[in-house]
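Reading through the structure tokens given below for one structure.
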Amino acid sequence: MIPRFHCPFPLSPGAQVDLPEAAGHHALKVLRLRPGDAVMLFDGQGGEWQAEIVGAGRTARVALRAHLARECETPLHVTLVQALPAGDKMDWVVEKAVELGVAAIQPVAAQRSVIRLSAERMARRVAHWNAIAAAACAQCGRNRVPPVAAVLDLPRYLGGLGAADGIRLMLAPQAATGLASLPPPNGAIRLLVGPESGWTDDEIQAAQLVGFRTLRLGPRVLRCETAGLAALAALQTRWGDLAGE
């Protein structure tokens, strides 16, 4: 399989570019690529570029060849609204959500979220999550990188939503509704996933006031880092592209 690398700048035919430092290190020091080796680049704007390594110094210099208009985006547009989990669990959530075809990720701070960081540290964490999203795209073959937005408090996120469009779902183990009873979406899906200790009653009521309906995922209570991914997989199987043709 030809190695793929994300370049966060516009690419053009015939150009020669230096891979970003981390990508160049991975190409030269981990994969042991050398001049003449083929690689694939993508800039997140759609499609991908056939390319060839033409220099190996501090980083890898790459010559762009042909552009391929290949896409593997799902027809299902899902924004994962994930309450911040403890530790580095969000890294896992971002990586796997990208592999499952999520369109965007919105981290939110809930009342029971354990993680509390300064604005500066939180900004670094969001940049880190965006880098994970780009790396996951390189691994799984996606050419459009889902953005990970800045962290918002849940009330601020809910207050910024406009009129209800598509489907708004809030995972809650005590909900009466399961996925099988939902109609096909007529637009985008917003999927709201709680923290380790779950949503408070006030948070559930606030989400319902702006059009979220509670949804359960069967008889077992899933961990916060598992629940959203299981829901994404179920949604993609039911209405997206995981079921195959």
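No value in this document is a laboratory result; all are computed from the given coordinates. Please read these numbers as outputs of a predicted model, since none were measured by experiment. Neighbour counts run over all protein chains shown; Cβ positions are idealised from the backbone, glycine included.
For the chain, the Cβ-based charge dipole about the Cα centre amounts to some 320 debye (Lys, Arg positive; Asp, Glu negative; other atoms uncharged). Net charge of the neighbourhood of residue 173, taken over other residues with C-beta under 12 Å away and scored Lys/Arg +1, Asp/Glu -1, is +3.
Amide H contacts of residue 60 (H built 1.01 Å from N, in plane; Pro and chain starts excluded): 19, 24 sit under 5 Å, all sequence-distant by 5 or more or on other chains. Electrostatic tally near residue 189: other residues with Cβ closer than 13 Å to its Cβ, Lys and Arg +1, Asp and Glu -1, net +3. Restricting region 59-132 to GluC sites (Glu not before Pro) that sit in a DSSP loop and have at most 15 other Cβ atoms within 10 Å of their own Cβ leaves 71, 73. Take each peptide in 45-54, 12-21, 135-144, count the other Cβ atoms within 10 Å of every residue, and average; sorted highest first, the result is 135-144, 45-54, 12-21.
Here region 1-85 is assigned +1 on the Cβ of each Lys and Arg and -1 on the Cβ of each Asp and Glu. Its dipole about the Cα centre then comes out at about 340 debye.
Count Lys and Arg as plus one, Asp and Glu as minus one, and take only other residues whose Cβ is under 15 Å from that of residue 217; the net charge is then +4. Take every Cα pair under 8 Å whose residues are at least 6 apart in sequence, average their separation, divide by the length of the chain, and the relative contact order is 20 percent.
Normalised by 2.2 N^0.38 Å, where N counts its residues, the alpha-carbon radius of gyration of region 45-162 equals 1.27. Structural descriptor for region 4-68: relative contact order 39 percent, calculated from alpha carbon pairs under 8 angstrom and at least 6 residues apart. For n ≥ 4 DSSP H runs only, could you compute -39500 (n - 2.57) per run for the chain, divide by its residues and tell me the 222 nm figure to the nearest 500? Computed mean residue ellipticity for the chain: -8500 deg cm²/dmol.
The Cα center of region 1-31 and the Cα center of region 83-144 differ in position by 23 Å. Once Rg and the Kirkwood radius are both taken over the C-alpha atoms of the chain, their ratio Rg/Rh works out to 1.03.
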